[in-house]
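The values are calculated or read from the model by the stated rules, or taken from the named source; none is laboratory data. Quantities reported herein were computed from a predicted structural model and do not represent experimental measurements. Cβ sites come from the backbone with ideal geometry, for glycine too, and all protein chains shown count toward neighbours. Accessible surface is based on the protein model in full, side chains and every heavy atom, while ligands, DNA and RNA are left aside. Shrake-Rupley method; radii C 1.70, N 1.55, O 1.52, S 1.80 Å.
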Amino acid sequence: QTAAGAGLVKEYGDRAVVWNVFLSAIEQALGSGVAVEELKALAKVKDQEEAEALMQHLVRAGVLKPERCTKRLRLNSGVVEIGRPGPGGLKWEPLEFPSGLAGLEPQVGEMLLEPKQAEEAGECRELSMKTLPKDLEYFHIDLPTRRAVMDLLRDLGALGDEREEVWLEPPAAKTDCAEWWERRGLHVTQASEPQQKALREAARQTASAGRRSQPRREFLIALRGVACDVLAQRREERSGELPENIVNEFADKLAAEGILKRGIVYALRGHLLLDEHYRKGTDVRLPLDPDDIREVLAPGLRSAIAWKRNAVLQSVITAGAPTENEPDGFLTMCTSIGEHDIAVDDKGVLGSLYQALRGAGVIKSPALALRGPKHVGNSEVAAFKEKAKAVASSFAFANSSEKKAVADAVMDLLSGKVGTLRTLPDDRTIASLVSIREKYYEEQKKLPPDCLAEFEALGYACAFNLEEHKDPPSS
């Protein structure tokens, strides 16, 4: 399911495609959830924002159930586990988050398993980006922040003298975009046009290099040097030298645009982050194998919650230049650090937790607001479709001239999610097995992949098919 449903076909190749045959058969029978990405993919839906608004419109109107928390969670010996369907029933696996959230599993698991949040009338409780902040606040769960990491470094005695420094911080998606830098309001009155272009290119190169913060004076010298190199490469003979006042004014323009930031940076006593048995004065040498690094850390850092420890290591470790005795180079620690250097995205961490819960299967996608397949008849499905059509038609699509076409596309998508078990009568439903090789390849005039033979050898040669039994015409 992961390979076929999460866009990993490229990694798993033809095997993922074959597995998708089985998944499609199950979804066609039972129905499936609706992802906002599917709404966005509809031809006339404008963008992600409109797709999300449409999703909320369908949820508020009762056409879709909202995103919900799965029921397949349990606490086993203090470890939160999630059940995944497999041969012979559910296979229980520990709930695990990526490194930037590692260690939060027990607290988040307690939130998910809290008795007061239990399902009512068989329905799963809502769990979405909208409800997640309230849940976290209720259970006093603090998400990762840069300040918390700095506090840990301070508690470990690793922060020394402070000073003010500057650094470039354009929008991440625009850092290396020359056109974006050209459009910024960075005109310097006394600079020639070649100098203007050289300064903007120098700023782009400096930001793209990901250099750490510097005292303003050092930053100006470095920026001027890069700009002069650009002028030399372009052979701008008429540009002349770059006077300091022009570079200084350009830096002021960068600051006014919010691109040049400034803040407090501390000298980093990296040796104090190591266990005393591994300290060699103030010199820091770390094992090249990441698995060995944790063993040499100071007890206070080694025992910190995993996301903090990971953030510290990602923020302070840097590569040392190769030497005669160390031709492969070595790992060491940077000599200074500021809050802006910490490898934590304060603004994006909530979204990261939401995506981690979705990826782990904790958050279920919005689904049709219909009862289970065993309890729904054709009349209820027909009534649902009528309601869904009216609701979809009432949405204020940006492409108003194509409103009917968009509403019809939404209905086609929703109709495909109902599931055949909800539309076929129990006493006239035929379940049969169809050959994957014949139906999905030979009848489609496609060459079966080599891996299909592996599935057939394991007994996975057929997929099931549901259809309504129809009596032959009377003679």
Condition set within 13 Å of E201 (Cα to Cα) and either of a type in the set (D, E, K, R) or at pLDDT 90 or above (or both), scope the stretch 229-246, selection least open to solvent (accessible area, probe 1.4 Å): answer is D229
Say whether the condition of being more than 30 Å from L297 (Cβ to Cβ), part of a helix (DSSP H, G or I) and acidic (D, E) is met by at least one residue in the stretch 245-261. yes
Condition set part of a loop (DSSP other than H, G, I, E, B) and open to solvent by 30 Å² or more (accessible area, probe 1.4 Å), scope the stretch 262-290, selection modelled with the lowest pLDDT: answer is L288
Of the residues in the stretch 169-184, those that are open to solvent by less than 50 Å² (accessible area, probe 1.4 Å) and part of a loop (DSSP other than H, G, I, E, B) come to P170, T175, C177
Heads up, the strands (runs of 3 or more DSSP E) in the stretch 291-344 (entirely inside) with at least 3 residues that are of a type outside the set (S, T, N, Q) are 317-320, 330-333
So the strands (runs of 3 or more DSSP E) completely within the stretch 42-101 holding 2 or more residues that are open to solvent by 30 Å² or more (accessible area, probe 1.4 Å), of a type outside the set (D, E) and under 28 Å from T145 (Cα atoms) are none
Exactly one of G225, G263, G210 is more than 30 Å from N325 (Cα to Cα) and free of Cβ contacts under 8 Å to residues at least 40 places away in the same chain, and that one is G225
Residue check for D345: surrounded by fewer than 17 Cβ atoms within 10 Å (Cβ to Cβ) and within 25 Å of the chain's Cα centre (by Cα) = yes
Would you confirm whether or not the stretch 166-182 contains a residue that is among the aromatic types (F, W, Y), under 28 Å from G338 (Cα atoms) and touching a residue at least 40 places away in the same chain (Cβ under 8 Å)?
yes
Of K197, K134, the only residue that is in a helix (DSSP H, G or I) and more than 20 Å from I363 (Cβ to Cβ) is K197
If you go through V166, V149, V188, the only one that is open to solvent by less than 80 Å² (accessible area, probe 1.4 Å) and in a loop (DSSP other than H, G, I, E, B) is V188
For the stretch 320-338, pairs from a residue that is open to solvent by less than 20 Å² (accessible area, probe 1.4 Å) and aromatic (F, W, Y) to a residue that is at pLDDT below 80 and part of a loop (DSSP other than H, G, I, E, B), with Cβ under 7 Å and 6 or more apart or across chains, are none
Within the stretch 301-319, residues open to solvent by less than 50 Å² (accessible area, probe 1.4 Å) and hydrophobic (A, V, I, L, M, F, W, C) come out as L301, A304, A306, W307, A311, V312, L313, V316, I317
Of the conditions (1) at pLDDT 70 or above; (2) touching a helix residue (DSSP H, G or I) at 6+ places or on another chain (Cβ under 7 Å); (3) not in a loop (DSSP other than H, G, I, E, B), the single one that A398 does not satisfy is (3)
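Let's see how each residue does on (1) within 16 Å of V63 (Cβ to Cβ); (2) surrounded by 18 or more Cβ atoms within 10 Å (Cβ to Cβ); (3) at pLDDT below 80:
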site: A392; (1), (2), (3): yes, yes, no
site: K403; (1), (2), (3): no, no, yes
site: D408; (1), (2), (3): yes, no, no
site: L414; (1), (2), (3): yes, yes, no
site: G419; (1), (2), (3): yes, yes, yes
site: L433; (1), (2), (3): no, no, yes
Within the stretch 191-221, restricting to residues that are touching an Asp or Glu at 6+ places or on another chain (Cβ under 6 Å) and of a type in the set (S, T, Y), the one that is surrounded by the most Cβ atoms within 10 Å (Cβ to Cβ) is S213
Counting only residues that are polar (S, T, N, Q) and modelled with pLDDT of 70 or more, the stretch 21-50 contains a total of 2
